[in-house]
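Quick note: the coordinates plus some simple rules give every number you see, no bench work behind them. Nothing here was measured: the structure is a model prediction, and the numbers come from that model. Cβ coordinates were reconstructed from backbone atoms using ideal geometry, including for glycine residues, and neighbour counts include every protein chain displayed.
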Amino acid sequence: LRGLLTRTSVPRDVVDYIVYGTVIQEVKTSNVAREVGSVQHSPGSLISATALKMTNPCCVGMIAAGQCDVVVAGGVELMSDVPIRHSRKMRKTLLTLNRAKTLGQKLSLISKIRPDYFAPEV
């Protein structure tokens, strides 16, 4: 966000609101928009939807309603480590299984799964 404000020459103290979107929210992490907002001294919201589909109408609405003059919209990506609620060993095995090309590779990976892999995360 600092880089965006620097490139656009927008002073950080004029940012009224920050909205970020994400398709899959990781429940163990905080609200990224609020985290960024606390650094920028602006309130922030995280929307569980595609960033451009939901954040832009939200921002335009706040500006059109006269609530804000400057709103920053952004998005965060979690698809590289989708929050599967299994153990880390099971998640790694499932993701590797998805990339396996041959039946032999798939069977080899499946044979490595142990009962403790099914224990849910606390």
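Values as computed for the structure displayed
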| item | result |
| --- | --- |
| Alpha carbon centroid spacing (whole Å) that separates region 54-77 from region 92-108 | 42 Å |
| Net charge over other residues, Cβ less than 15 angstrom from the Cβ of LEU107 (K, R count +1; D, E count -1) | +4 |
| Amide H contacts of GLY21 (H built 1.01 Å from N, under 5 Å, at least 5 apart or other chain) | ILE47, GLY74, GLY75, VAL76 |
